[in-house]
Amino acid sequence: MALSEIYLSRLAEVERRYQELSEKLSDPQIFSDRERYARVAREHAELEPVVEAYREYRRVLKELEENRELLGEGDEELRELAREEIRTLEARLEELEKEIPLLLLPRDPNDEKNVIVEIRAGAGGEEAALFAADLLRMYHRYAERRGWKTEILSANETGLGGFKEVIMRIEARGAYSRLKYESGVHRVQRIPVTESGGRIHTSTVTVAVLPEADEVEVDIRPEDLRIETMRASGHGGQHVNRTESAVRITHLPTGITVYCANERSQHQNRATAMRILRARLYEKALREQEERIQSERRSQVGTGERSERIRTYNFPQNRVTDHRIGLTLYRLEEVLDGDLDEIIDALITHFRTEALKKEEETLLRQAA
């Protein structure tokens with residue numbers, strides 16, 4: 001299917017803009033303004049894959065035309081070479097006609113951000129808390145596999161080594177683009193360590209993946225904060241703090257509260273709590289914006305709609321099922337060890353395809 005005139009027109013516009021940015025980057029004066037240079041360079045880099053694909057598309061079309069002309073002249077050997085080249089070019093043209101519309105999809109502005117992953121035990125008591133620990137390890141191992149840096153910001157442990165709540169920061173360019181579809185309710189089916197009768201229990205854990213917000217993106221006024229300090233204590237009375245190092249920050253306009261006691265000093269706990277608060281406020285603003293624009297798109301960009309069960313981890317059957325895309329894998333142990341790419345790649349493909357359908361519907365309405 002050849003690219004429509006609408007796509008070709010958009011590609012021509014993108015190429016013109018790319019040329020403008022290239023000229024700006026070649027101007028020595030731009031280096032005197034670091035912020036402007038960074039902005040122009042970032043946009044230039046974002047447009048480059050689109051422009052490269054568009055130029056290859058034109059090149060393939062031109063070479064196809066030239067080879068088709070050869071079919072009507074020359075000897076049989078030359079015509080056979082032309083036929084071979086045509087088959088190769090037609091295959092590449094088909095790939096480009098699928099690839100280019102995806103490249104033209106609007107980018108999620110948060111895709112390159114670090115993330116804050118909040119994992120909370122849901123239904124299931126201690127078993128849910130233990131599975132929260134399993135999911136924490138899963139995301140930690142996934143980050144290790146990709147060379148990403150992780151940091152535990154806050155943890156509320158239970159007696160058996162589980163977590164009622166644990167918050168982890170993952171620092172890596174593009175972390176949000178890979179993990180944003182993990183937000184939701186994760187269900188586990190297995191025989192708990194606390195179960196003497198050997199019965200399978202079902203428990204749930206909620207995962208929230210938030211893009212980390214920069215200070216400039218969220219305006220937090222000091223007068224909107226209530227900051228309380230208190231003594232922190234570890235599980236079972238261990239590491240009891242004799243000073244008021246724990247910090248609880250309440251954002252008065254929204255009622256969002258963050259408690260942090262992981263660090264030894266009040267200053268460190270306050271900084272960590274502010275980082276979590278900033279991410280939660282940023283996500284709240286994003287969610288409200290999405291509701292105003294297109295409420296059904298929320299699940300695709302990883303904001304809101306966490307009440308739905310998204311995935312089941314069934315231990316007796318060694319099975320992991322992602323219910324949004326109907327994907328089932330029979331290698332539970334590997335997935336819980338951080339081997340998530342097959343699931344994540346399938347989710348990205350699915351939601352990009354859904355977004356493309358909506359984009360094409362919009363373009364057809366505009367052309368009508």
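When the chain is treated as a Gaussian network with alpha carbon springs shorter than 10 Å, the biggest mean-square fluctuation among 85, 288, 144 belongs to 85. Identify which of the listed values of log10 I(q)/I(0) by the Debye sum over Cα atoms at q = 0.07, 0.14, 0.15 Å⁻¹ was calculated from the structure shown: (i) -0.34, -1.16, -1.28; (ii) -0.41, -1.15, -1.23; (iii) -0.44, -1.27, -1.37. So the structure-derived entry is (iii).
Report, in degrees rounded to the nearest 10, the 0 to 90 angle that the Cα long axis of helix 266-293 makes with the longest principal axis of the chain. Helix 266-293 and the main axis of the chain meet at about 50 degrees. Take the stretch 1-58 with all the other protein chains still there, run a 1.4 Å probe, and you get 67 Å² of accessible area per residue. A cut-off of 5 Å between modelled amide H atoms, ignoring neighbours fewer than 5 places along the same chain, links residue 213 with 279. Rounded to the nearest 20 debye, the dipole magnitude of the stretch 59-176 is 1040 debye, with +1 charges on Lys and Arg beta carbons, -1 on Asp and Glu beta carbons, and the Cα centre as origin.
Shown here for the stretch 130-189: trypsin sites (Lys or Arg not before Pro) in loop regions (DSSP other than H, G, I, E, B) with at most 11 other Cβ atoms within 10 Å, namely 173. Here the stretch 1-149 exposes an accessible surface that is 49 percent carbon and sulfur, computed with a 1.4 Å probe and the other protein chains kept in place. The mean sequence separation of alpha-carbon pairs under 8 Å and at least six residues apart, normalised by the residue count of the chain, gives a relative contact order of 15 percent.
I'd like to know which of 174, 102, 139 lies farthest towards the positive end of the charge dipole of the chain, counting +1 on Cβ of Lys and Arg and -1 on Cβ of Asp and Glu. The one lying farthest along the dipole's positive direction is 139.
Using the Cβ-Cβ distance between residue 165 and residue 68 with R0 = 51 Å, the FRET efficiency computed as 1/(1 + (r/R0)^6) comes to roughly 0.20.
In the structure shown, the pairs 113/149; 24/113; 62/98; 98/357; 180/284 are assessed against 22 Å; a Cα-Cα span above that value is assigned to 24/113.
What is the spin-label model distance, in nm, from residue 20 to residue 214 if the labels are put 7 Å beyond Cα along the C-beta direction? Each label point is offset 7 Å from its Cα along the Cβ direction, giving 2.2 nm.
Shape verdict for the stretch 1-138, please, from the Cα gyration tensor: rounded (a/c under 1.5), prolate (a/b greater than b/c) or oblate. Please list the in-between numbers first.
Details: a/c = 3.61, a/b = 1.58, b/c = 2.29.
Oblate.
Result for the chain in a Gaussian network model with C-alpha springs under 10 Å: among 98, 62, 358, the largest mean-square fluctuation is at 62.
Gain on full extension, evaluated as 0.36 nm per residue between residue 88 and residue 9 minus their Cα-Cα distance, stands at 25.8 nm. Shape analysis of the stretch 86-150 places it in the prolate category; the axes a ≥ b ≥ c from the Cα gyration tensor give an a/c of at least 1.5, with a/b above b/c.
Here the Gaussian network model covers the chain, with springs between Cα atoms less than 10 Å apart; of 126, 112, 52, 52 fluctuates the most. Working note: 222 nm ellipticity from helices only, DSSP H runs with n ≥ 4, each -39,500 (n - 2.57), summed and divided by the residues of the chain, gives -16500 deg cm²/dmol to the nearest 500. Computed from backbone phi, the HN-Hα couplings of the stretch 7-13 come to 5, 4, 5, 5, 5, 5, 5 Hz, rounded to whole numbers (Karplus: 6.51 cos²θ - 1.76 cosθ + 1.60, θ = phi - 60°; Gly and Pro given as x).
The values are calculated or read from the model by the stated rules, or taken from the named source; none is laboratory data. None of these values were measured; they are calculated from a predicted model. Reconstructed Cβ throughout: ideal geometry from the backbone, glycine too, with neighbour counts over all protein chains shown. The area values use the complete protein model at the heavy-atom level, side chains included, leaving out ligands, DNA and RNA. Shrake-Rupley method; radii C 1.70, N 1.55, O 1.52, S 1.80 Å.
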